[in-house]
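The values are calculated or read from the model by the stated rules, or taken from the named source; none is laboratory data. Computed from a predicted structure; not experimentally measured. Glycine also receives a Cβ, built like all others from the backbone with ideal geometry; neighbour counts cover every protein chain displayed.
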Amino acid sequence: MFLVNPVLEYILNIFNNGEDVDHWYNNLSIDKIKETRELNSYNYDEITYYYEKFKYLELHEQLDSYNIEDDINFEIEENDIISSIANSNDIAFEVTEQCNLNCVYCVYNDFYQGFEKREDRNLDFESAKKLLDFLFKMSEEGNSSYIKELDIGFYGGEPLMNFKLIKKIVDYALSIELKRTNIAFSMTSNCLLIKKYCDFLQKHNFSLLLSLDGDKDSNSYRVLKSGNNPHHIIFGNIQFIKNKYPLFFEKNVQFNVVLHDKNNVNDIYSYFYNNFNKIPSIIELSDAGLKKEKMVEYEKMYRKFDENLISPSMGTNDLELLNPSSIMVTDFIIHNTDNIFTDYNDLLFDIKRKKFPTGTCMPFEKKLFLSSKGLILPCENVPHKFKLGTVDSHGVHINYKEITDLYQNYYKMIFKQCKHCYSQLNCSQCFMQLSDDEYNGKCKMFSSYNDYVSYLSFIQGNIEKKPLLYVRAMCEITIS
């Protein structure tokens, strides 16, 4: 399949059929354009533009088509997994299942299925220590960088409800002499307890991701067990940190917002910029693992990122890169150009990386996540049935063969759709977040020919209208 604008595709078909493209263009008339179904929605100047683009591609020998079946790989090898662990830059601990909020849309609440039942369990220190020792050994012996940056993250529940364990893990990690690994700490928090522990967090230079959905009304789904809205407490705690540690707040504190029917993108940006001089991350409500009986309620709450976005006037160029169209352009660039380097080895050497169906990460490529129950997962967002190992009193148990079999089986199941999908190069769908219906029916990310024609026209139009957007995306965006 050839993923291009319809006019360029028409010209390429002429070329591939052995016909003379120059002769066709020189004899093109307004009447012929109107009579040609593939061209009649374009004017002469637009067709000329794509003819000239074809000539450029021809001159630079860029007319090879791409067939995913020639390039796809189902075989994850055990050494791939070992390398991913050794080079992973993140390990996260679910230090507790306890939470002092009762958020309506929480993945552990009544909306979703696939996760272990929450029983207020706490992770024990020995399990955390065993996994840290395992990762430290792998990193020191096998990582491909001279010095690796490793972030140790804390997750819940509300992680600060088990602060004693956080402190023990931090103290232990800092007590280990590591020659090739630099350690940093991070935490996701609902901010209810952060005032109490902010001295420790500042002392150890924690990166903090604080969850808040905006002003009091916007925060209506994030309630206490009593049902009351704790916005005034959270806001006060944030202001306390901002005033006590202004430089720490500026450099280390970010915000995460869930978009729903009680807030909107414009008000969110304005609220965080005006109150905290911050631009938050905004995520849509997830439908992965959603219970069918909750679909009506979910659809009432769900809002798309770009549904009501107007360009906010905040005096900052950063917002241009957060605009939905800019995000789509950036995503396209990441997946469809050769100018993206995941590490220095990519930059220095011509490394051919394996391509797999879907956008699922290589096992442990991004993170090792340890649940409070001792399950090792590729991240905190996947159902627990996809556990890739365990930690118990006897040690760390990761069966590389079982992991390779698991991934290969799911790849082969979904590939019957992938090979017909036009979004194959820029797919972000994790197979672990697909429902059984999507495996047997249609993946939510599936893109037909017509879908992709519209998408590609949109991308090309944005880049052509805003060439500086391409430059900014290439020069200013770091992929983490």
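Do we find that Ile268 is aliphatic (A, V, I, L, M), modelled with pLDDT of 95 or more and crowded, with 16+ Cβ neighbours inside 10 Å in this structure? Considered against the rule, which asks whether it is aliphatic (A, V, I, L, M), modelled with pLDDT of 95 or more and crowded, with 16+ Cβ neighbours inside 10 Å, Ile268 comes out as no.
Inspect all residues belonging to the range 370-388 and state whether any of them is surrounded by 19 or more Cβ atoms within 10 Å (Cβ to Cβ) and at pLDDT below 90. Yes, that holds for at least one residue. Filter the range 127-175 for residues that are of a type in the set (Lys, Arg) and surrounded by fewer than 17 Cβ atoms within 10 Å (Cβ to Cβ); which is modelled with the lowest pLDDT? Result: Lys137. Quick check on the range 324-338. Is at least one of its residues at pLDDT below 90, in contact with a Phe, Trp or Tyr (Cβ under 6 Å, 6 or more places away or on another chain) and within 28 Å of Gln408 (Cα to Cα)? Checking the range 324-338: not a single residue is at pLDDT below 90, in contact with a Phe, Trp or Tyr (Cβ under 6 Å, 6 or more places away or on another chain) and within 28 Å of Gln408 (Cα to Cα). Residues in the range 90-104 that are part of a loop (DSSP other than H, G, I, E, B) and touching a Leu at 6+ places or on another chain (Cβ under 6 Å): Val95, Asn100.
Matching residues to (1) more than 22 Å from Phe386 (Cβ to Cβ); (2) in contact (Cβ under 8 Å) with a residue 40 or more places away in the chain:
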position: Tyr105; (1), (2): no, yes
position: Phe111; (1), (2): no, yes
position: Lys137; (1), (2): yes, no
position: Gly142; (1), (2): yes, yes
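When the criteria are applied in full, Tyr400 fails the requirement of being surrounded by 13 or more Cβ atoms within 10 Å (Cβ to Cβ) and at pLDDT below 90. With the structure loaded, tell me whether Val296 is surrounded by fewer than 18 Cβ atoms within 10 Å (Cβ to Cβ) and assigned by TED's automatic domain parsing to the domain that holds Tyr197 or whether it fails that test. Spelling it out, Val296 is indeed surrounded by fewer than 18 Cβ atoms within 10 Å (Cβ to Cβ) and assigned by TED's automatic domain parsing to the domain that holds Tyr197. If you go through the range 31-57 and keep only what is surrounded by 17 or more Cβ atoms within 10 Å (Cβ to Cβ) and outside any helix (DSSP H, G or I), you end up with Leu39, Tyr42. Exactly one residue among Lys196, Lys225 is closer than 21 Å to Tyr105 by Cα, among the basic types (Lys, Arg) and surrounded by fewer than 17 Cβ atoms within 10 Å (Cβ to Cβ), and that residue is Lys225.
I'd like to check something: does the range 66-86 contain any residue that is surrounded by fewer than 19 Cβ atoms within 10 Å (Cβ to Cβ), closer than 30 Å to Asp213 by Cβ and modelled with pLDDT of 85 or more? The answer is no; no qualifying residue exists.
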